[in-house]
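The structure appears below as structure tokens.
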Amino acid sequence: MFQDALTDAQTRVQHSLDGVMHPLDGVIADAMRYTCTGGKRLRAFLVMEGARLHGVSPQVADQAAAAIEMIHAYSLVHDDLPCMDNDDLRRGMPTVHIQWDEATAVLTGDALQTLAFEVLSNLEASAQARLALVSTMAKAAGAEGMVLGQALDIAAESAETPLTLAEITRLQAGKTGALIEWSGQAGAILAEADPTSLRQYAQALGLAFQIADDILDIEGDAAKAGKRLQKDADAGKATFVSLLGMDAAKARAKELVVQACDALSPYGDGANNLKAAARFVIDRDT
Ligand code: GRG
């Protein structure tokens with residue numbers, strides 16, 4: 001059952017994160033632990049399921065899952081800063097710069113990012129697999145991936161004309177898609193297998209995730225989401241919903257789920273949890 005597998009992934013990645021951060025102390029370590037609490041753990045789940053399909057040991061998968069959740073957590077901490085999205089609530093808790101201060105939030109993000117790379121470089125896997133995971137993670141999180149997407153998003157706020165569908169798709173492929181894509185294919189990379197099918201699955205899933213996020217921003221319940229909603233509409237930003245219309249955005253998200261599931265056909269029923277995850281991504285309320 002998907003929900004059991006997701007709950008299991010949440011428990012496992014929390015255990016792994018606790019272990020990785022256990023030796024650290026001081027304010028930044030406290031803020032790192034605070035930041036790495038909660039969340040759906042979708043990226044961790046994708047790593048674990050991909051790893052299972054490729055016969056990678058759960059211990060190794062759990063470490064890789066902790067690494068991606070730390071990169072994701074860093075991005076949320078920095079995104080919440082006043083110089084970026086300026087949010088005071090995340091996962092139902094005060095954001096790091098509210099709970100501590102801005103310098104702590106910047107340093108917490110920095111420390112989470114470097115620790116993630118340390119964890120990947122120390123995985124119990126071949127040198128080739130570790131190197132491939134480190135370099136694909138660097139690319140996904142960096143100037144051609146998530147950072148690029150975030151920069152395009154910030155630039156869009158002051159652009160004279162709203163972004164086109166092609167531009168929004170490129171922005172989201174970086175901002176949200178790149179880490180989801182890395183998570184989807186990490187198991188195959190760890191096993192030194194061909195990651196193409198998992199990558200295609202994760203690319204469609206990432207886009208569906210973002211469309212669902214835009215829908216949630218309008219139709220969601222802020223109390224359930226644990227964060228401020230209606231942000232894009234308030235900022236007058238172009239989104240998949242504003243460009244396609246609500247009904248077409250929902251239809252497109254459904255098409256992407258079918259596409260994501262089709263990409264998993266080489267794995268047969270073994271990939272049922274990943275297929276259910278694709279449906280979950282567009283049905284979620286947080
Ligand atoms: C600061 C370089 C840099 C990048 C920030 C993550 C991000 C890029 C921005 C967050 C803003 C946002 C709402 C993006 C949309 C998609 C997204 C990443 C949502 C949060 O991910 P979830 O829903 O969060 O998986 P949980 O809390 O469940 O882990």
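Quick notes on this one:
One line per residue, one yes/no per condition, for (1) open to solvent by less than 70 Å² (accessible area, probe 1.4 Å); (2) away from the ligand (no atom under 16 Å from the Cβ); (3) closer than 28 Å to residue 56 by Cα:
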site: 110; (1), (2), (3): yes, no, no
site: 116; (1), (2), (3): yes, no, yes
site: 119; (1), (2), (3): yes, yes, yes
site: 181; (1), (2), (3): yes, no, yes
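- Identity of the residue in region 61-70, more than 19 Å from residue 145 (Cβ to Cβ) and open to solvent by less than 20 Å² (accessible area, probe 1.4 Å), that ends up nearest to the ligand (Cβ to nearest atom): 66
- The requirement of being surrounded by fewer than 21 Cβ atoms within 10 Å (Cβ to Cβ) and not in a helix (DSSP H, G or I) is fulfilled nowhere in region 196-211; no residue meets it.
- Candidate set: region 130-146, residues that are surrounded by fewer than 21 Cβ atoms within 10 Å (Cβ to Cβ) and among the hydrophobic types (A, V, I, L, M, F, W, C); chosen: the one farthest from residue 55 (Cα to Cα): 143
- Test for residue 270: is it open to solvent by 20 Å² or more (accessible area, probe 1.4 Å) and either in contact (Cβ under 8 Å) with a residue 24 or more places away in the chain or within 30 Å of residue 54 (Cα to Cα) (or both): yes
- Among the residues of region 33-53, the ones that are in contact (Cβ under 8 Å) with a residue 40 or more places away in the chain, more than 19 Å from residue 264 (Cβ to Cβ) and open to solvent by 10 Å² or more (accessible area, probe 1.4 Å) come to 6 in all.
- Sub-6 Å Cβ pairs linking a first residue in region 71-90 that is more than 8 Å from the ligand (Cβ to nearest atom) to a second residue that is open to solvent by 20 Å² or more (accessible area, probe 1.4 Å) and in a loop (DSSP other than H, G, I, E, B), at least 6 apart or interchain, are 87/228; 89/227, ordered by first then second residue.
The values are calculated or read from the model by the stated rules, or taken from the named source; none is laboratory data. Fair warning: this is a prediction, and the values are worked out from it, not measured in the lab. Reconstructed Cβ throughout: ideal geometry from the backbone, glycine too, with neighbour counts over all protein chains shown. Remember, those area values only see protein heavy atoms, side chains included, never the ligands or the DNA or RNA. Shrake-Rupley method; radii C 1.70, N 1.55, O 1.52, S 1.80 Å.
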